[in-house]
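Trainee: I'd like to ask some things about the structure below.
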Amino acid sequence: MTNKTKTTNKVDQLETEIIGLKVRIARLEKFILDMPDPSSYIQDLNENEIIEEAKKVIDQYDRVSASLLQRRLSIGYAKASRLMDILENKGLVAPSDGSSNPREVYRQTDEQNKKD
């Protein structure tokens, strides 16, 4: 085989690979365009509303955990964990003791409820 034949074969191989990559790119573009809009399946609650919902949940219990909030509010662990931190900062639940144990719920007086 001559060098010219080897070069031609290599060029043909590369052209075939380029065509294959273009087909893959077209498929990926179609896949991305066909993806549903996240707003169509994500519950549309703003942060204040979900905090209010979490307050209603914790009022029913003496001890709460991120897992409880997940189940009662139908949210993921990350959001439930962040809610626990927010509730702790608002003084509604005890700080974490470093374990996965549920946290104590602090009861508010009527006067404190009016402020929030």
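Nothing in this text is a laboratory measurement; each read-out follows from the coordinates by a stated rule. Since the model is a prediction, treat every value here as computed from it, not as a measurement. No Cβ is skipped: glycine too gets one built from the backbone with ideal geometry, and neighbour counts run over all protein chains shown.
Trainee: Work out how far the C-alpha atoms of the range 47-115 reach from end to end along every principal axis, then list the three figures in whole Å, largest first.
Mentor: Principal-axis extents of the Cα atoms in the range 47-115, largest first: 32, 26, 19 Å.
Trainee: For an R0 of 25 angstrom, estimate the FRET efficiency from the Cβ-Cβ distance between N101 and N48 and round to the nearest 0.05.
Mentor: 0.35
Trainee: While we're on this one: Let's test the formula: R0 of 41 Å, r as the Cβ-Cβ distance of E17 and D85. What FRET efficiency results, to the nearest 0.05? Could the numbers behind the result be given before it?
Mentor: Working: r = 51 Å, r/R0 = 1.23.
The pair E17/D85 has a calculated efficiency of 0.20.
Trainee: Which peptide among 20-30, 49-59, 63-73, 95-105 comes first, and what is the full order, when sorted by highest mean count of other Cβ atoms within 10 Å?
Mentor: Going from most to least packed, we get 63-73, 49-59, 95-105, 20-30.
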